[in-house]
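*Asks:* The following block contains the structure, expressed as structure tokens.
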Amino acid sequence: MNHRLVFKKPPTRRIERNLLPLLALAALSPEAGADDFAGLPGLAPYQRGLGAALDQACPEATGNLAGRCAQLQALGPQQQAQAINQLTPYQFLPQSGMPIKLRMAQIDTRARLAAVHAGQEPAYSFDIDGQRHQGGGSGDGELRDGPWGWFVQGKYQAGGKDKGSASFDYQTYNLTLGADYRVSDQLVLGLATGYTRTDALMTQDSGNMGTDALLAAFYGSYFLPLEMYLDWAATYGSYNNDLNRKFAYPGFNGLALSEPDADQYGFSATLGRDFALDAWTLNPYARFEYINLQIPAYQEQGVSGLNYQVGLQAYESFISVSGLQLSHVFSTSWGVLTPSLRFEWEHQFLNDNQLLHIRLADAPAGTGQFILPTGNPDRDYVNLGGGVTAAFGGGVGAFLRYEARLGQPYLTSNTVELGLRIPF
């Protein structure tokens with residue numbers, strides 16, 4: 001059952017920065033309640049916000065929430081602080097952090113478009129079985145791609161976040177099918193669809209999240225004069241998350257369940273140029289990526305009295321990428337092999353720290369609300385990668401690529417992709 005609970009966001013970033021300390025000060029005032037969970041020693045500001053929500057809700061609580069409040073009030077201060085830490089819902093953070101900060105569960109058409117580029121007019125020729133061919137696509141050699149082609153590619157991505165109670169590890173499996181058409185020597189257009197499965201495990205067995213995503217993309221490449229090109233891709237993803245939040249403190253343990261959905265829209269554009277010298281190619285490029293992620297409000301089930309309602313979430317990411325790729329062509333008796341190395345520097349312009357608005361579902365009206373920050377983004381980091389592309393007779397091709405994310409202190413990401421392309 002979905003509950004569409006919408007909380008108004010603070011109007012400015014300055015208010016967002018000041019809200020947490022103000023809430024902590026308010027929680028320490030006598031009006032916070034006689035139990036004073038917010039005043040427990042050793043709590044972080046956002047944990048004091050949860051304590052203040054309990055201080056507000058418990059005096060007038062009824063039913064199951066009243067019983068949970070009585071259990072908490074019977075604990076000593078140290079055990080109460082432990083309970084507040086356990087009840088802080090860090091488990092909600094990966095549902096936005098992985099699509100935005102790690103960009104998992106997305107169709108990646110870059111490898112396919114790189115293969116398209118390899119089929120265009122290069123500045124060199126090579127030998128196969130003693131016969132001379134002009135590149136991988138110019139002229140009428142047997143490596144020339146047909147106008148239609150389909151491809152299949154698989155991707156495996158693994159990594160995690162290492163930052164206290166909000167730490168998690170994840171694995172992602174993706175399968176993409178697509179087809180493209182060479183409209184002219186300058187223009188290629190294509191469509192792709194994919195399925196992604198992601199499993200994230202929170203630290204200390206405090207919960208997990210499984211995500212099934214259906215993806216679609218419209219992409220293309222336009223070849224400009226002077227060996228330049230313009231690539232683009234418009235993408236959509238529909239996410240279904242299965243989220244389990246586990247917690248335990250003296251006298252009680254619980255498992256809260258929720259199934260929040262999400263919709264993601266994205267667009268990317270790449271401008272690059274190939275500089276060829278014999279069998280070597282140097283490819284500098286610039287890319288821009290925009291992502292918009294929407295998560296409707298939802299409510300947990302399964303823990304009477306301590307279920308949470310989560311407000312509407314909206315996230316935006318805008319990234320610039322400056323990249324450089326170096327590749328070399330080797331001709332063999334069976335085709336063409338092209339290994340490459342790649343370096344990218346990324347800068348994040350958006351994705352500021354946001355406040356996740358949460359409420360105790362069984363709290364009396366007007367009480368039980370608190371906030372949880374999503375965390376500041378890493379503004380600058382790099383991707384290092386390499387791969388190999390193989391072109392066979394009749395336009396058949398395959399690729400293998402690897403990429404690692406570096407420069408994000410708390411995040412790791414490693415990606416392996418394998419793909420096959422067949423013309424028709």
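The values are calculated or read from the model by the stated rules, or taken from the named source; none is laboratory data. The model shown is predicted, which means the values in this text are computed figures rather than measured ones. Positions of Cβ are generated from backbone atoms using ideal geometry, with glycine treated the same way; all protein chains shown enter the neighbour counts.
*Asks:* If you take the residues of the stretch 156-187 that are over 20 Å from the mean Cα position of the chain (by Cα) and in a loop (DSSP other than H, G, I, E, B), which of them is surrounded by the fewest Cβ atoms within 10 Å (Cβ to Cβ)?
*Replies:* SER184
*Asks:* Between GLY385, GLY419, GLY394, which is under 20 Å from VAL116 (Cα atoms) and in a helix (DSSP H, G or I)? Before the answer, list the steps.
*Replies:* Numbers: GLY385 fails: in a helix (DSSP H, G or I); GLY419 fails: in a helix (DSSP H, G or I).
Of the residues listed, the single one that is under 20 Å from VAL116 (Cα atoms) and in a helix (DSSP H, G or I) is GLY394.
*Asks:* I need a count of the residues in the stretch 258-290 that are of a type in the set (Gly, Ala, Ser), surrounded by 14 or more Cβ atoms within 10 Å (Cβ to Cβ) and touching a Ser or Thr at 6+ places or on another chain (Cβ under 9 Å).
*Replies:* Residues in the stretch 258-290 being of a type in the set (Gly, Ala, Ser), surrounded by 14 or more Cβ atoms within 10 Å (Cβ to Cβ) and touching a Ser or Thr at 6+ places or on another chain (Cβ under 9 Å): 4 in total.
*Asks:* Still on this structure: Do the conditions hold for VAL416, that is, is it in contact with a Pro (Cβ under 6 Å, 6 or more places away or on another chain), within 19 Å of LYS155 (Cβ to Cβ) and in contact (Cβ under 8 Å) with a residue 12 or more places away in the chain?
*Replies:* no
*Asks:* If only one of LEU293, LEU226, LEU255, LEU214 is assigned by the TED database to the domain that holds ILE358, of a type in the set (A, V, I, L, M) and surrounded by 15 or more Cβ atoms within 10 Å (Cβ to Cβ), which one is it?
*Replies:* LEU293
*Asks:* Moving on. Just checking, which of ASP242, ASP261, ASP231 is touching a Gly at 6+ places or on another chain (Cβ under 8 Å) and closer than 23 Å to ASP108 by Cα?
*Replies:* ASP231
*Asks:* Exactly one condition in (1) at pLDDT 70 or above; (2) touching a helix residue (DSSP H, G or I) at 6+ places or on another chain (Cβ under 7 Å); (3) not hydrophobic (A, V, I, L, M, F, W, C) is not met by GLN82; state its number.
*Replies:* If we test GLN82 against (1) at pLDDT 70 or above; (2) touching a helix residue (DSSP H, G or I) at 6+ places or on another chain (Cβ under 7 Å); (3) not hydrophobic (A, V, I, L, M, F, W, C), just (2) comes out false.
*Asks:* Output the qualifying pairs, or none if there are none: Cβ atoms under 6 angstrom, residues six or more apart or on different chains, first residue in the stretch 148-164 and closer than 15 Å to LEU113 by Cβ, second residue modelled with pLDDT under 90 and assigned to a helix (DSSP H, G or I).
*Replies:* As it stands, the answer is PHE151/ARG112, since those pairs meet every condition given.
*Asks:* Now for a different question. Could you list, in sequence order, all residues of the stretch 355-381 that are part of a strand (DSSP E or B) and either closer than 30 Å to LEU306 by Cα or in contact with a His (Cβ under 7 Å, 6 or more places away or on another chain) (or both)?
*Replies:* Scanning the stretch 355-381 gives LEU355, LEU356, HIS357, ILE358, ARG359, LEU360, GLN369, PHE370, ILE371, LEU372, PRO373, ASP380.
*Asks:* Just checking, does the stretch 241-258 include any residue being touching a Phe, Trp or Tyr at 6+ places or on another chain (Cβ under 9 Å) and more than 18 Å from TYR90 (Cβ to Cβ)?
*Replies:* No, the stretch 241-258 contains no residue that is touching a Phe, Trp or Tyr at 6+ places or on another chain (Cβ under 9 Å) and more than 18 Å from TYR90 (Cβ to Cβ).
Rundown of residues vs (1) at pLDDT below 90; (2) over 30 Å from LEU214 (Cα atoms); (3) buried (at least 24 other Cβ atoms within 10 Å of the Cβ); (4) in the same structural domain as ALA233 (by the TED database), yes/no style:
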position: THR62; (1), (2), (3), (4): no, yes, no, no
position: ALA66; (1), (2), (3), (4): no, yes, no, no
position: LEU75; (1), (2), (3), (4): no, yes, no, no
position: LYS101; (1), (2), (3), (4): yes, no, yes, yes
position: ALA123; (1), (2), (3), (4): yes, yes, no, yes
position: GLY130; (1), (2), (3), (4): yes, yes, no, yes
position: GLY141; (1), (2), (3), (4): yes, yes, no, yes
position: GLY146; (1), (2), (3), (4): yes, no, no, yes
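*Asks:* From the list VAL336, VAL396, VAL388, exactly one residue is buried (at least 17 other Cβ atoms within 10 Å of the Cβ) and in contact (Cβ under 8 Å) with a residue 24 or more places away in the chain. Which is it?
*Replies:* Just one listed residue meets the conditions, VAL336.
*Asks:* Can you confirm whether LEU230 is under 15 Å from LYS155 (Cβ atoms) and assigned to a strand (DSSP E or B)?
*Replies:* no
*Asks:* Filter the stretch 324-354 down to residues that are under 18 Å from the mean Cα position of the chain (by Cα) and in a strand (DSSP E or B), then give me how many there are.
*Replies:* Total meeting the criteria: 5.
*Asks:* What are the residues in the stretch 370-411 that are touching a Lys or Arg at 6+ places or on another chain (Cβ under 7 Å) and within 24 Å of GLU316 (Cβ to Cβ), if any?
*Replies:* PRO377, TYR381, ASN383, TYR410, LEU411
*Asks:* For SER322, all conditions in the list (1) among the small types (Gly, Ala, Ser); (2) free of Cβ contacts under 8 Å to residues at least 40 places away in the same chain; (3) over 21 Å from ALA286 (Cα atoms) hold save one; what is the number of the exception?
*Replies:* So the condition that SER322 fails would be (3).
*Asks:* So, in the stretch 229-252, how many residues would count as being out of contact with any His (no Cβ under 7 Å at 6 or more places or on another chain), of a type outside the set (Lys, Arg), crowded, with 20+ Cβ neighbours inside 10 Å and farther than 16 Å from ILE295 by Cα?
*Replies:* Looking only at that region, the number is 4.
*Asks:* Scan the stretch 288-323 for residues that are assigned to a loop (DSSP other than H, G, I, E, B), small (Gly, Ala, Ser) and at pLDDT below 95 and jot them down. Before the answer, list the steps.
*Replies:* Quick first cut of the stretch 288-323, residues assigned to a loop (DSSP other than H, G, I, E, B) only: 296-297, 300, 302-307, 311-312.
Then drop every residue that is not small (Gly, Ala, Ser), which leaves 297, 302, 304-305, 311.
Within the stretch 288-323, GLY302, SER304, GLY305 qualify.
*Asks:* Consider the stretch 272-303. How many of its residues are under 17 Å from ASN244 (Cα atoms) and out of contact with any Gly (no Cβ under 8 Å at 6 or more places or on another chain)?
*Replies:* Of the residues in the stretch 272-303, 5 are under 17 Å from ASN244 (Cα atoms) and out of contact with any Gly (no Cβ under 8 Å at 6 or more places or on another chain).
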